[in-house]
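Asker: To start, I am sharing the structure in question, which I have written as structure tokens.
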Amino acid sequence: MSISHAPPGSPETDIPETSHPDAAEPTPPGPVPDLDLDLDLEPIVPASSRRTRVSRWLRRTSGPVLLLALWQLLSSTGVLTADVLASPGRIAQVAGDLISDGSLTSAMTTSLQRVAGGLLLGTLIGTGLALVSGLFRIGEDIVDAPVQMLRTVPFVGLIPLFIIWFGIGEAPKIAIITLGVTFPLYLNVYAGIRGVDAQLIEAGESLGLSRWGLVRHVILPGALPGAMTGLRYSLGISWLALVFAEQVNADSGIGFLMVQARDFLRTDVIVVCLIVYAFLGLLADFIVRSLERLLLQWRPTFTGR
């Protein structure tokens with residue numbers, strides 16, 4: 001068999017190469033174009049952060065400042081007369097006079113000493129009773145019922161008994177403050193001890209902690225938030241008890257100044273003494289809150305939005 005080859009130029013060899021009109025021409029290989037991907041994206045900001053921020057100290061002081069301005073306005077227009085309530089300007093002048101002659105400073109020192117003594121004794125008694133009652137069942141059976149009974153008795157009603165027992169010196173005044181401080185601390189420390197999670201107790205026992213180790217490392221830290229709350233309540237009640245205590249034949253202290261001012265119808269002096277009470281109570285609460293933040297750093301809490 002022989003194969004014949006067509007000569008060049010014959011119809012078999014000169015057929016032109018055609019392509020389909022819809023076929024895409026291949027793209028020659030080359031470098032990938034550099035796309036500009038540097039986009040300016042706006043960060044997502046929570047709606048609460050978009051509000052205008054006002055410093056917190058300004059917000060906290062705006063209420064008292066507005067109240068003071070309203071007070072001054074009512075006094076200036078004659079709505080509040082001097083025999084009903086002295087104006088803020090008059091009160092500031094009287095406070096300056098009491099500070100300059102040393103009477104207010106001496107009264108504050110005496111009142112602070114009474115509160116410190118009553119607070120110390122009340123803290124020791126209330127915390128000690130709460131530990132006995134909270135840690136031991138027999139202690140709860142013996143201690144809790146009498147404490148609950150005494151708690152329902154108004155401590156102000158015991159002033160006549162304290163005068164009979166302790167006389168009219170400093171002892172009944174400190175005893176009244178001590179009694180007022182004891183019960184809030186007892187209730188909160190006791191509730192803090194009994195509120196400790198039982199699973200934490202079991203975990204400590206499984207780790208081999210002794211009874212004292214459980215008390216030291218589990219129970220007392222768990223009861224600390226309740227103890228700090230009780231201390232804040234006790235401080236507030238201590239200033240309230242001081243007001244009553246200094247009505248008992250006192251010859252010094254802020255309450256003594258108030259009694260004298262009441263006899264002479266000096267509302268300006270009375271208001272100065274009340275402001276001093278409020279300032280000292282606010283200062284004591286600030287100290288306790290600072291101590292609470294220091295001791296309870298391990299417990300994150302909700303701080304508001």
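Asker: For region 45-163, compute Rg over Rh where Rg is the Cα radius of gyration and Rh is the Kirkwood radius from the inverse mean 1/r over Cα pairs.
Answerer: My calculation puts Rg/Rh at 1.19.
Asker: For region 227-244, in order, what is each residue's ³J(HN,Hα) by Karplus, 6.51 cos²θ - 1.76 cosθ + 1.60 with θ = phi - 60°, in whole Hz (x at glycine and Pro)?
Answerer: 5, 5, 5, x, 5, 5, 4, 5, 5, x, 6, 5, 6, 5, 5, 5, 4, 6
Asker: Next up: So how far, in whole Å, is the C-alpha centre of region 206-247 from the one of region 146-171?
Answerer: 23 Å
Asker: Also, I was wondering about something else. Please give me, ordered by residue number, the trypsin sites (Lys or Arg not before Pro) of region 165-269 that lie in loop per DSSP and have at most 14 other Cβ atoms within 10 Å.
Answerer: Here no loop site has a sparse enough neighbourhood.
Asker: Can you sort Met149, Met108, Met228 by solvent-accessible area, 1.4 Å probe, largest first?
Answerer: Met149, Met108, Met228
Asker: So how far apart, in nm, are the two label points at Met149 and Thr81 if each is 7 Å from Cα heading toward Cβ?
Answerer: Output for this residue pair reads 5.3 nm.
Asker: Calculate log10 I(q)/I(0) of region 210-305 for q = 0.19, 0.20 Å⁻¹, where I(q) comes from the Debye formula with a single equal point scatterer on each Cα and nothing for solvent.
Answerer: -0.92, -0.98
Asker: Could I ask something else about it? Please go through region 160-213 and write out the GluC sites (Glu not before Pro) that DSSP classes as loop and that have at most 13 other C-beta atoms within 10 Å.
Answerer: Of the GluC sites (Glu not before Pro), not one in the loops of region 160-213 has a Cβ with at most 13 other Cβ atoms within 10 Å.
Asker: Region 107-185: which chymotrypsin sites (Phe, Trp or Tyr not before Pro) are DSSP loop and have at most 12 other beta-carbon atoms within 10 angstrom?
Answerer: Of the chymotrypsin sites (Phe, Trp or Tyr not before Pro), the ones in loops of region 107-185 whose Cβ has at most 12 other Cβ atoms within 10 Å are Phe136.
Asker: Something else: 5 Å is the cut-off here: which amide hydrogens, built 1.01 Å from N in the peptide plane, fall below it relative to Leu80, excluding neighbours closer than 5 in sequence?
Answerer: Result for Leu80 returns Ser75.
Asker: Further question: Give the carbon-plus-sulfur fraction of the accessible surface of region 66-198 in %, rounded to a whole number; probe 1.4 Å, heavy atoms of protein chains only.
Answerer: About 73 percent, which is the carbon plus sulfur part of the accessible surface.
Asker: Right, here's the next one. Output wanted: per-residue J couplings in Hz (rounded whole) for region 58-71, from phi through Karplus 6.51 cos²θ - 1.76 cosθ + 1.60, θ = phi - 60°, x for Gly and Pro.
Answerer: Working through the residues one at a time gives 5, 5, 6, 8, 5, x, x, 5, 5, 5, 5, 5, 5, 4 Hz.
The values are calculated or read from the model by the stated rules, or taken from the named source; none is laboratory data. What you are looking at is a predicted structure, and each value in this text was computed from that prediction instead of being measured. Backbone-built Cβ (ideal geometry, glycine too); neighbour counts: all protein chains shown. All accessible areas refer to the heavy atoms of the entire protein, side chains included, with ligands and DNA or RNA removed. Shrake-Rupley method; radii C 1.70, N 1.55, O 1.52, S 1.80 Å.
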